[in-house]
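J.: Quick one: the structure is below, and I'll ask about it shortly.
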Amino acid sequence: MTDQVIVQLPNSTPRPARELEDLERVWATPKGWRIVTAVNNTVVGLIYIGVAFLFFLMAGVLAILMRTQLAVSGNDFIGQELYNQMFTMHGTTMMFLFAVPAVEALGVMLLPQMLAARDLPFPRLSAYAIWAYVIGGLVFFTTIFYDLAPAGGWFMYPPLTLKEFSPADNADFWLLGIGFIEISAIAGAVEIVVGTLRTRPPGMSLSKMPIFAWSMLIFAAMIMFAFPAVILATMMLEIERSFGWPFFTAALGGDALLWQHLFWFFGHPEVYIIFLPAAGLVSMIVPTMAQTPLVGYRLIVVALIATGFFSFGLWVHHMFTTGIPALSLAFFSAASAAVAVPSGIQVFSWIATMAAGRRRFRITTASLFVLGFLFIFTLGGLTGVMVAMVPFDYQVHDTYFVVAHFHYVLVGGMVFPLFATFYHWMPLFSRRMLSERLGRWVFWLMFLGFNIAFFPMHLTGLLGMPRRVWTYPAELGWDTLNLVSTAGSYILGAGILLFVIDLFRTVRPGPKPENPWGAGTLEWLPSDVYATRSIPLVTSREPLWDQENLVEDVQAGRWFLPGAPTGGRETIVTSPVEARPQYIIQMPGPGWSPLLAAMFTAACFLLLTVKLVMIAAVCGVLAIVFCLVWTWSLDPGPAKGSVDIGGGMKLPTYVTGPTSHSWWAMVVLMFVAGSLYLSYVFSYLFLWTVSPDVWAPAGAPQLPSPGWPALSALLLVCGSAAIMAARRLLPSPGNLGTAAAAAILVALLCMSGALAIELLGHWRTGLQPSDSAYGAMVYMASVLFGQVAAALVIMGLFTAARLLVRRLDREWRVTFDNLALLYHYAVFQSLFGLALVHGYPRLVA
Amino acid sequence: MKSGPGDTSVLSAVAFLLAGPVIWAAHLLLLYGPQSALCAFGQSGVAEVSGLFVTAQVLAVTALAAVPLVVFLLRPITIARLFRFRVQDEEHPFSMSVMRWLSALSLMGVLLAGAAAFLLDPCAQLR
């Protein structure tokens, strides 16, 4: 790739007629029932947001039923057990099945449009993640109808959720169902990180990126680091429930507080994972309605990054009453106060933008929802600062004050911006806009209903009403406030119902009205199934305001990539910081495999819940088979050479190594795996701190002699060497790669052997995983090792197969590069694990 | 518009922009980890732990974290060179400003957390 300078418009007009026909043919959406095979972001994104909104409605119905139960004292409208299941399902559904998927869906739908990309870089991964979520989520939700829903609260604290106190399968549905949906969220995060950093239009450097793209980038990065903690926690709790490994049982050296640490290390950032994209959307709507650039763009970026970072230092503020030393609490109290500063920066920036507008801030339904968000979220933020103060938190912990606080934060911080988004961006997806007249009714009903429902809860909380009670006696004086709250919830529900009616009444897919709000960002460029006709060079943050004739030039195909030069789906990949064009990514089209892989993955997890292990295993194998079918065609190879994207700029259609988007995705996955492993290391050290008496060598069988870990480590190093040898043995193009395939098989044998030796070494000492928390943690290291080893075996056999059919060589090698990257990572992680499990007890003995 | 790979490395960009928050995170880890472990050992009788030692540890870690953060605030260009972070002229003010603001917020977080050592008994529980 050589540096080339493009002078102004790269293409002349008129463009050949065939160009547009090619684009329409290549990007055509499947018709009829084959729509389920579609992978375009506009189609799967709509399904994603539609299902997320359905979950919002269903969880909302549960909320209204619960409020009905609480309307009067001593009510028996709903029984206690069902009430427990309802509040668990309400919280779980809102957090895991609505809030995170809804913002991820907005990312999938809006990001490519804002970045003028034809699609996100891994459309089939998006489709897989979305179908897995749809199928798994719907089955999970139906458990409420069969008395199978979990009842331990959305945070599922042990010991209540251990087998001893929750013997039925209800808790397993939560653990396996939610664990699985988290994996789907991580798949979406990989897509968003790589998409935001690599598929921006030429010229859109980091400092010109729309704020929503910034917020989605931080959102996805937070998912990468937060979700693994709860995935590990759910794995450990499910293993304890199924096999009796005592991670959380105090009598055997475990500690229920470990669950709280892991859960809230995910759970607190989760609040910001939900809030930041919503704040990003507000940062896009406010400048449009004020017709002026966002005041303090840089500070907003700072605020987003700082909030994302600080949110990881707050988890203990959910655990102020657990007996942790006061000084430790003060560290987290300080972080909780510190995070209010970046949030405040954003609020002041939005107010300043409204004030600085070229004309008076335009009041539309979307603007009303933004103003409602500002009011409600600020109140929630203020009570957040109150509960961040340890003495106050001691008074209101687990009362309705906290319920009021987090609903002000979450409904104010996410639901109101989401409704603003529906009204603001609906023209991108529907030829008719939502009614502004009805919209004002919707807003006022929701705004008043919300405040009538939730403001009194501050008072019921201060009067001492605890959370999660299914009824209360009359003499406590909570009746009137509860009745008011229930009335408010009905008004809120009426507002949402009116919105749904308007949605069905007016929304029709079709060509959009042109930029009805006069916005300045690229999603308002004319577009079709292929996104924009050509991809522009961006020179400002609001290109539609600042770049003359941009709409006409893009539509006429005068900018980059006005056709489909490779004959397939493609978009431009640019460099991550300054957005210089680097290559053309070739993307797959519609297919059944993502849907089938998702169906069988969901079936595998859900069948495990009801202990149908054999059928679950078959489904698991089928899921892997369909994943392999889909990935077989993903590495298209360098056959298409370079193509002209306009102005004589030739870009390669295939790259390998650190420039490749696929390499980036693997690095993101490695961060996820690393984060999971660090959570394990934390858990190991935490349990040792709590119960050093059950640790080897004094409290457990002697450790295996050093020869065992040494042999295991030697095999790992040999495996890495075999992978390096395989790299050198890659054949030249068109030749058979038998030697490289053999080297890969040797590497896989080394990896499997290292795992077997590690397990055997501990087994021979007589240590059992169910003996104590120490035994459980030792074998858990091997579980994590085994997980990565299993993934490597599948990838390794896949890579070897490609070598044997001449679909992998020195140049056509993305698949091999990914295998090598993960293999070396696995070796590093496993060596670290050996040092921890074998070295640490000896060190502290 | 130029094409080609002549862009600053994303690793340099991340390291430079997030230098402040990374120090803040390391500070929190080094405050909370040793302090809670030392207090746990003291309570379980595994080892005798002096309260003064815990307080001194908190203050030392805070001072250690504050120094680089002040340097980040005052000499961002030096830090950019250290991380080999180079961008086009038009991107320069944005990157410098974001890095300095993040360092300032991190410094505030570090000082707020560290200040607690002056006010509270190092291992006392509230119940």
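J.: Computed on alpha carbon atoms, what radius of gyration and Dmax characterise segment A:250-354, expressed in Å?
T.: 17.5, 64
J.: How large is log10 of I(q)/I(0) for chain B at q = 0.13, 0.14, 0.16 Å⁻¹ when the intensity is taken from the Debye formula with one equal scatterer per alpha-carbon?
T.: Scattering profile of chain B, log10 relative to I(0): -0.62, -0.68, -0.79.
J.: Quick one: with all protein chains in place, what share of the accessible area of segment A:388-468 is carbon or sulfur, to the nearest percent (1.4 Å probe)?
T.: Numbers: 2020 of 2920 Å².
Carbon-and-sulfur percentage of accessible area, whole number: 69.
J.: Given R₀ = 51 Å, what would the calculated FRET efficiency be for residue A:650 paired with residue A:385, taking r from the Cβ atoms and rounding to 0.05?
T.: On the way: r = 56 Å, r/R0 = 1.10.
It comes out at approximately 0.35.
J.: Could you pull out every residue, at least 5 positions away or on a different chain, whose amide H is within less than 5 Å of the one on residue A:643? Hs are placed 1.01 Å off N in the peptide plane, and Pro or chain starts have none.
T.: Under 5 Å from the amide H of residue A:643: A:651, A:653.
J.: Which whole-Hz couplings ³J(HN,Hα) result when phi for each residue of segment A:321-326 is put into the Karplus expression 6.51 cos²θ - 1.76 cosθ + 1.60, θ = phi - 60°, listed in order with x for Gly and Pro?
T.: 9, 8, x, 6, x, 4
J.: So what is the relative contact order for segment A:617-659, in percent, with contacts set as C-alpha pairs under 8 Å and at least six apart?
T.: Numbers: 21 pairs, mean separation 11.3, N = 43.
Relative contact order for segment A:617-659 comes out at 26 percent.
J.: Sticking with this structure for a sec: With a ≥ b ≥ c the root eigenvalues of the C-alpha gyration tensor of segment A:36-506, is it rounded (a/c under 1.5), prolate (a/b larger than b/c) or oblate?
T.: On the way: a/c = 1.42, a/b = 1.27, b/c = 1.11.
It comes out rounded by the Cα gyration axes.
J.: If one takes the accessible area of chain B alone plus chain A alone and subtracts that of the pair, with a 1.4 Å probe, what total in Å², rounded to the nearest 100, results? Numbers along the way, then the final one.
T.: Working: alone 8920 and 30850 Å², together 34950 Å².
Rounded to the nearest hundred, the buried surface is 4800 Å².
J.: Per residue, how much accessible surface does chain A expose to a 1.4 Å probe? Answer in Å², no decimals. Provide the component values of the computation, followed by the final result.
T.: Working: 28500 Å² over 845 residues.
Per residue, chain A has 34 Å² of solvent-accessible surface.
J.: Still on this structure, I have one more. Could you work out, residue by residue across B:22-28, how many beta carbons of other chains sit within 10 Å of that residue's beta carbon, and then give the average as an integer? Don't skip to the answer; put the middle values down first.
T.: On the way: counts 1, 0, 7, 4, 0, 2, 8.
That average works out to 3.
J.: Would you calculate a helix-derived [θ] at 222 nm for chain B, using -39,500 (n - 2.57) for each DSSP H run of n ≥ 4 and dividing by the full residue count, to the nearest 500? Can you show the working numbers first?
T.: On the way: 5 runs with 93 residues, N = 127.
Helices in chain B give a 222 nm mean residue ellipticity of -25000 deg cm²/dmol.
J.: Please compute the net charge surrounding residue A:16, taking Lys and Arg as +1 and Asp and Glu as -1 over other residues with Cβ under 15 Å from its Cβ.
T.: Details: positive: A:15, A:18, A:25, A:533, A:558; negative: A:19, A:21, A:22, A:24, A:644.
Around residue A:16, the surrounding residues sum to 0.
J.: Next up: Could you let me know the centre-to-centre spacing of segment A:663-728 and segment B:70-121, using Cα atoms, in angstrom?
T.: Each part reduced to its Cα centre gives a spacing of 34 Å.
J.: With each label point set 7 Å from Cα along the Cα-Cβ vector, what nm distance links residue A:432 and residue A:710?
T.: A separation of 7.9 nm, rounded to one decimal place.
J.: In whole Å, what is the distance between the alpha-carbon centres of segment A:735-811 and segment A:415-444?
T.: 52 Å
J.: If Lys and Arg each add +1 and Asp and Glu each add -1, what is the summed charge of the other residues whose beta carbon sits under 13 Å from the beta carbon of residue A:437?
T.: Working: positive: A:440, A:505; negative: A:436, A:502.
That works out to 0.
J.: Let me ask something additional. Which of the three applies to the protein assembly as shown, rounded, prolate or oblate, going by the alpha-carbon gyration tensor with a ≥ b ≥ c and a/c under 1.5 meaning rounded?
T.: Numbers: a/c = 1.42, a/b = 1.09, b/c = 1.30.
Rounded, because the longest to shortest axis ratio a/c is under 1.5.
J.: Quick one: check the C-alpha center-to-center distance for segment A:604-637 versus segment A:453-517, whole angstrom.
T.: Segment A:604-637 and segment A:453-517 have Cα centres spaced 40 Å from each other.
J.: Further, regarding this structure: Any idea what the dipole of chain A comes to, in debye rounded to 20, about its Cα centre with Lys/Arg Cβ at +1 and Asp/Glu Cβ at -1? Each step should come with its number before you reach the end.
T.: Numbers: 44 positive and 43 negative charges, 376 e Å.
Dipole size: approximately 1800 debye.
J.: Which FRET efficiency, nearest 0.05, do residue A:685 and residue A:505 yield, Cβ-Cβ r, R0 41 Å? Kindly include the intermediate steps, with their values, before the conclusion.
T.: On the way: r = 58 Å, r/R0 = 1.41.
Efficiency, from the Cβ-Cβ distance: 0.10.
J.: Would you be so kind as to identify which of A:712, A:682, A:774 lies farthest towards the positive end of the dipole of segment A:678-844, taking Lys and Arg as +1 and Asp and Glu as -1 on Cβ and the Cα centre as origin?
T.: The Cα lying farthest towards the positive end belongs to A:712.
J.: Identify, among A:723, A:740, A:794, the residue whose Cα sits farthest towards the positive end of the charge dipole of segment A:678-844, taking +1 on the Cβ of Lys and Arg and -1 on the Cβ of Asp and Glu, with the dipole about the Cα centre.
T.: In segment A:678-844, that residue is A:740.
J.: Would you mind counting up the charge near residue A:591? Only other residues with Cβ under 11 Å from its Cβ, with Lys and Arg at +1 and Asp and Glu at -1. Numbers along the way, then the final one.
T.: Working: positive: A:34, A:124; negative: none.
Local charge sum for residue A:591: +2.
J.: If you rank A:650, A:208 by how much accessible surface each has, with a 1.4 Å probe, what is the order from largest down? Before the final figure, lay out the partial values.
T.: Details: A:650 115, A:208 25 Å².
Accessible-area ranking of A:650, A:208, largest first: A:650, A:208.
J.: Could you please tell me the mean projected area of the C-alpha convex hull for segment A:310-362, averaged over all directions and given in square nanometres to one decimal? Could you put the intermediate results ahead of the total?
T.: Working: hull surface 19.0 nm².
Over all viewing directions, segment A:310-362 projects a mean Cα-hull area of 4.8 nm².
J.: Once every DSSP H run of n ≥ 4 in chain A is given -39500 (n - 2.57) and the sum is divided by its residues, what mean residue ellipticity at 222 nm do you get, rounded to the nearest 500 deg cm²/dmol?
T.: Working: 27 runs with 521 residues, N = 845.
Helix contribution divided over all residues of chain A: -21000 deg cm²/dmol.
J.: Now for a separate question. Pick out, in residue order, every one of the chymotrypsin sites (Phe, Trp or Tyr not before Pro) in segment A:144-192 that is DSSP loop and has at most 13 other C-beta atoms within 10 Å; say none if there are none. Intermediate values should be presented prior to the final figure.
T.: On the way: sites: A:145, A:146, A:154, A:155, A:165, A:173, A:174, A:180; in loops: A:154, A:155, A:165.
Sparse-neighbourhood loop chymotrypsin sites (Phe, Trp or Tyr not before Pro): A:165.
J.: Under the Karplus relation 6.51 cos²θ - 1.76 cosθ + 1.60, θ = phi - 60°, what is the ordered set of whole-Hz ³J(HN,Hα) values for segment A:454-471, x standing for Gly and Pro?
T.: Result, ordered by residue: 9, 4, x, 5, 4, 6, 4, x, 5, 7, x, 6, x, 5, 6, 7, 8, 7 Hz.
J.: Same structure, new question: Toward the positive end of the charge dipole of segment A:516-652, about the Cα centre and with charges on Cβ (Lys, Arg +1; Asp, Glu -1), which of A:615, A:527, A:604 goes farthest?
T.: Highest projection toward the positive end goes to A:615.
J.: Order A:640, A:31, A:163 by their accessible area, 1.4 angstrom probe, all chains in place, largest first. Don't skip to the end; give the middle numbers.
T.: Values: A:640 100, A:31 165, A:163 80 Å².
Of A:640, A:31, A:163, the descending order of accessible area is A:31, A:640, A:163.
J.: May I pose another question? Got the relative contact order for chain A handy, in percent, Cα pairs under 8 Å and 6 or more residues apart?
T.: Working: 1438 pairs, mean separation 141.4, N = 845.
Over chain A, the number comes to 17 percent.
J.: Additional query: Given the convex hull over the Cα atoms of segment A:452-568, what projected area results after averaging over all orientations, in nm²? Write out the running numbers ahead of the final one.
T.: Details: hull surface 53.9 nm².
Computed as one quarter of the Cα hull surface, the answer is 13.5 nm².
J.: Quick one: order B:86, A:842, A:241, A:467 from most to least accessible surface, probe 1.4 Å.
T.: Working: B:86 170, A:842 105, A:241 10, A:467 45 Å².
Most to least solvent-accessible, the answer reads B:86, A:842, A:467, A:241.
The values are calculated or read from the model by the stated rules, or taken from the named source; none is laboratory data. Given the structure is predicted, the values throughout are model-derived calculations rather than measurements. Positions of Cβ are generated from backbone atoms using ideal geometry, with glycine treated the same way; all protein chains shown enter the neighbour counts. What goes into the accessible areas is simple: the full protein's heavy atoms, side chains included, and nothing from ligands, DNA or RNA. Shrake-Rupley method; radii C 1.70, N 1.55, O 1.52, S 1.80 Å.
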